[in-house]
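Asks: Take this structure first; my questions come after.
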Amino acid sequence: MLVWSRAARRMIWAVGGLVAAIIYGAPIIVIALASIAGHWNGAWPNDFTLRHYGNALTGDSARQLRTSLETGAIASVFAVLSGTWAALALRKIAPLPRRLFDLFFFMPSAVPSVSVGLGLLVAFSQPPVLLNGTTLIVILAHFVLISAFSYGNISAGLARLRPDYEQVAESLGARPAYKLWRVTLPLILPYIVGALSLSFALSMGELGATEMVYPPGWVTLPVGIFALSDRGAIFDAAALTMLLVAGTFAILLALVRISNRATVR
Amino acid sequence: MLTIADRDGAASVAPSATQAAEVAGSSIDFEDVTVSYGGTVVLDRFSLSVAPGEILALIGPSGSGKTTALRAVAGFVRPASGRIRIGEQDITDIPPYARGLGMVVQNYALFPHMRVDQNVAFGLRAQNADPALIATRVGECLELVGMSSFARRYPAQLSGGQQQRVAIARALAIRPRVLLLDEPLSALDAQIRRNMVEELGRLHRDLPNLTVLYVTHDQSEALTLADRIAILRDGRLNAFGPSRSLYQAPTSRFAAEFLGRANLLPVTVSQLDADGVLARVRLGEHSLSVRCELQLAPGHGCLLCIRPHALRLADLPTGNGFRATVETALWQGDTQNVTLRVEGVALNLTVSPSQAMPERGSAVWVDFAPHEATLIADEPAHG
């Protein structure tokens, strides 16, 4: 413990809490207020209304929310599957090649998402693999951007897994597939669920790459929010943002409960 | 029916003779096995035979290669050269899951997401055993280790001793050809460890055909449980033999010092008996008679090895003793430890706590029976 005095600890907590509330809380509060504002000309909004939520739940916005949920679900499931496979495969190889593969996996997270989108657009706009204008290129863009986080999370879980469990399973006659299914994967389930949650959350908020590649029939909610903001419909954009936050939060909450149940034992 | 309860309240129950007879053991043979990690040789041309149905303890200091030897049998380490056989079968190139061995590790490695009964059933399920057989076998094995009433619990709800019992039941459920125990008691506290040593001994009496390879760094566990002991040093077999004889007549200085406390006094051989069993040696001005199993010639220097409990304090000179000065005398509850000095060498002696404590600095006579001491070749001390 760095600070011994109780009074000093309370003061540090208070200052830290205030800073966190301003940095993290203020944007959400402002968006929440904007989503129910009729007008906002002064310091505070007035003429509170739920009209923007009504707009959000009908027509294009509802479709965009569904599109985002579907894109997030598909991309994050594939990211977790490939991340799990890669982490399992790479943990058995020598340290140097493993580090090189790690770099390869983490590369997309170090590149601006717009650049990833542009790269995909250029790469897949000509035969033999023509994906430009398809739903698949949006999902692929999300997959590329989030797979590093899945891989990182699951690798961390495997690194913490004591080799004893798998070795004892093998000595008891468990073949590799049985051992993987009955021992390894259940033991890293909290990390898998964590990877899925993180991937899904990142996908739900992804804008840069999606802006570059989305076709007219597959508009995600962040793209819709950006378009509304661009047109000056700030309050409608705020309502959509709140729906995006609520939808993402509900799914993450469910995943956290699954993760907790897996961790309790 | 024999029952031993440990501090956790779990009791173990002896199995029926029928259950005991069902586990059949095999021999284990290491033939010139060498294992290296990245150029470092950790097991060097290691050869050893474990007889069917015996408990053989592999002991040695950290890094001596004992765990590597066990892991090589389990299949988790591939020998660079040499072969390993179980019974008549060469298992060197067989994957771990096809070797038919039971293994218990230091931290038990019970699968935390499975209940006790599911843990015990794991190996049988992995081998697609008949569900009825699984249920019967799980029940038998849990009864064998006295854990039947804990079948529906998760490992996190058990104490260390209870987890250890479940780990043993899990290993036995597949009817292994050999049981590999890798420091299975080292995570337990002293009291539970003592109880578990007794229980393991009884378990083996109940399953007399089971071959057990027991890796430990605790010489008292090895002496209590093992029929024979192999002492490893720097990846090589340093000493090997029946536990009692290896303790009483260690074949090297390292074995003498590693296997309990030993007094090692430099002596010179003065005369060999005609039958070759005893020798007379000189310790300073004293002439002593001692068992000799080495090929020595008169005038040869060697070490006289006497365990502390083999030395006795005497009031008057006796036929086979020497005079020493008392340096310290410590009462330790169930024993007294006396440190003496003779010919510039310190030696330890243990006496009954009821015996009068000798005065510090006083001169005393110390004697021993010739057959309770032995001569060993001099070599650099370990450590």
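Asks: Kindly identify the protein assembly as shown as rounded, prolate or oblate by the Cα gyration tensor criterion: order the square roots of the eigenvalues as a ≥ b ≥ c, call it rounded if a/c is under 1.5, otherwise compare a/b with b/c, prolate if a/b is larger, else oblate.
Replies: The shape class here is prolate.
Asks: Compute the acute angle (0 to 90°) between the alpha-carbon long axis of helix B:190-206 and the principal axis of greatest extent of the alpha-carbon atoms of chain B; round to the nearest 10°.
Replies: Between the helix axis and the principal axis of chain B, the angle is about 70 degrees.
Asks: Considering only segment B:141-249, what is the antiparallel percent among its DSSP beta bridges, to the nearest 5?
Replies: Among the beta bridges of segment B:141-249, antiparallel pairing accounts for roughly 55 percent.
Asks: Any chance you could give the angle, 0 to 90 degrees and rounded to 10, that helix B:116-126 forms with the longest Cα principal axis of chain B?
Replies: Result, in degrees: 70.
Asks: Then there's this: Tally Lys/Arg at +1 and Asp/Glu at -1 over every other residue whose Cβ is under 10 Å from the Cβ of A:Leu172; what's the total?
Replies: That sum, taken over residues with Cβ under 10 Å, equals +2.
Asks: Another question, if that's okay. Among A:Pro190, A:Leu228, A:His142, which residue has its Cα positioned farthest towards the positive end of the charge dipole of segment A:140-259, with +1 placed on the Cβ of Lys and Arg, -1 on the Cβ of Asp and Glu, and the dipole taken about the Cα centre?
Replies: Projecting each Cα onto the dipole axis, the largest value belongs to A:Pro190.
Asks: Over the Cα atoms of segment A:17-88, how large are the radius of gyration and the largest Cα-Cα distance (Dmax), in Å?
Replies: Spelled out, the Cα radius of gyration and Dmax of segment A:17-88 are 18.7, 56 Å.
Asks: For the residues A:Lys92, A:Lys179, B:Lys66, what sequence is obtained by ranking on other C-beta atoms within 10 Å, fewest first?
Replies: Starting with the residue having the fewest Cβ neighbours, the order is A:Lys92, A:Lys179, B:Lys66.
Asks: Quick check for me: using +1 on Lys/Arg Cβ and -1 on Asp/Glu Cβ, what's the dipole size of chain B about its Cα centre, in debye to the nearest 20?
Replies: With Lys and Arg at +1 and Asp and Glu at -1, about 680 debye.
Asks: From the residues A:Leu240, A:Gly157, A:Ser82, which one has its Cα farthest along the dipole of chain A in the positive direction, the dipole being from +1 and -1 charges on Cβ of Lys/Arg and Asp/Glu about the Cα centre?
Replies: Farthest along the dipole direction, towards plus: A:Gly157.
Asks: Give me the percent of DSSP beta bridges within the protein assembly as shown that run antiparallel, rounded to the nearest 5.
Replies: Taking every DSSP beta bridge within the protein assembly as shown, about 75 percent pair in antiparallel fashion.
Asks: Continuing with this model, one more query. Within a 10 angstrom radius of the beta carbon, how do B:Asp234, A:Asp230 rank from fewest other beta carbons to most?
Replies: A:Asp230, B:Asp234
Asks: Still on this structure: Using unit Cβ charges (K, R positive; D, E negative) and no other charged atoms, how large, in debye to the nearest 20, is the dipole of segment A:59-264 about its Cα centre?
Replies: 780 debye
Asks: Here's another thing I want to ask about it. To the nearest 20 debye, what charge dipole does segment B:202-252 have about its Cα centre, counting +1 at the Cβ of each Lys and Arg and -1 at the Cβ of each Asp and Glu?
Replies: Dipole magnitude for segment B:202-252 comes out near 120 debye.
Asks: In whole Hz, with x marking every Gly and Pro, tabulate ³J(HN,Hα) for segment A:231-240 from phi via Karplus 6.51 cos²θ - 1.76 cosθ + 1.60, θ = phi - 60°.
Replies: 7, x, 7, 4, 5, 5, 4, 5, 5, 4
Asks: While we're looking at this one, here's another question. Would you calculate, for the protein assembly as shown, the mean residue ellipticity at 222 nm contributed by helices, counting each DSSP H stretch of 4 or more residues as -39,500 (n - 2.57) and dividing by all residues, to the nearest 500?
Replies: Per the formula, -13500 deg cm²/dmol.
Asks: If you don't mind, there's one more thing I want to ask. Using the Karplus curve 6.51 cos²θ - 1.76 cosθ + 1.60 with θ = phi - 60°, work out ³J(HN,Hα) for each residue of segment B:247-258 in order, rounded to whole Hz, and write x for Gly and Pro.
Replies: So the J values, rounded to whole Hz, are 6, 6, 9, x, 9, 8, 4, 4, 5, 4, 6, 6.
Asks: What percent antiparallel are the DSSP beta bridges of chain B, to the nearest 5?
Replies: Bridges in chain B are about 75 percent antiparallel.
Asks: Shifting gears a bit: Using only Cα atoms, locate the centre of segment B:268-287 and the centre of segment B:85-131, then give the distance between them in Å, rounded to an integer.
Replies: Result: 54 Å between the Cα centres.
Asks: A further question follows. Would you work out which of A:Ile28, B:Gly284, B:Gly53 lies farthest towards the positive end of the dipole of the protein assembly as shown, given +1 charges on the beta-carbon of Lys and Arg and -1 on that of Asp and Glu, about the Cα centre?
Replies: A:Ile28
Asks: In percent, what relative contact order does segment A:1-49 have, based on Cα pairs under 8 Å that are 6 or more apart in sequence?
Replies: Across segment A:1-49, relative contact order equals 19 percent.
Asks: Once you order the gyration tensor axes a ≥ b ≥ c over the Cα atoms, which shape class does segment B:69-224 get: rounded for a/c under 1.5, otherwise prolate or oblate by comparing a/b with b/c?
Replies: Here segment B:69-224 falls in the oblate category.
Asks: What angle, in degrees between 0 and 90 and rounded to the nearest 10, separates the Cα long axis of helix A:113-123 from the longest principal axis of the Cα atoms of chain A?
Replies: 70 degrees
Asks: Take peptide A:172-183, look around each residue's Cβ out to 10 angstrom, count Cβ atoms belonging to other protein chains, and average those counts.
Replies: 6
Asks: If you don't mind, another one. Counting other beta carbons within 10 Å of each Cβ, put B:Met103, A:Met107 in order, fewest first.
Replies: The most exposed by this proxy come first: A:Met107, B:Met103.
Asks: Distance between Cα centroids, segment A:1-64 to segment A:172-217: provide it in whole Å.
Replies: 30 Å
Read-outs throughout are calculated quantities, based only on the coordinates presented, and are distinct from any laboratory measurement. Please read these numbers as outputs of a predicted model, since none were measured by experiment. Cβ: placed from backbone, ideal geometry, glycine included. Neighbour counts: every protein chain shown.
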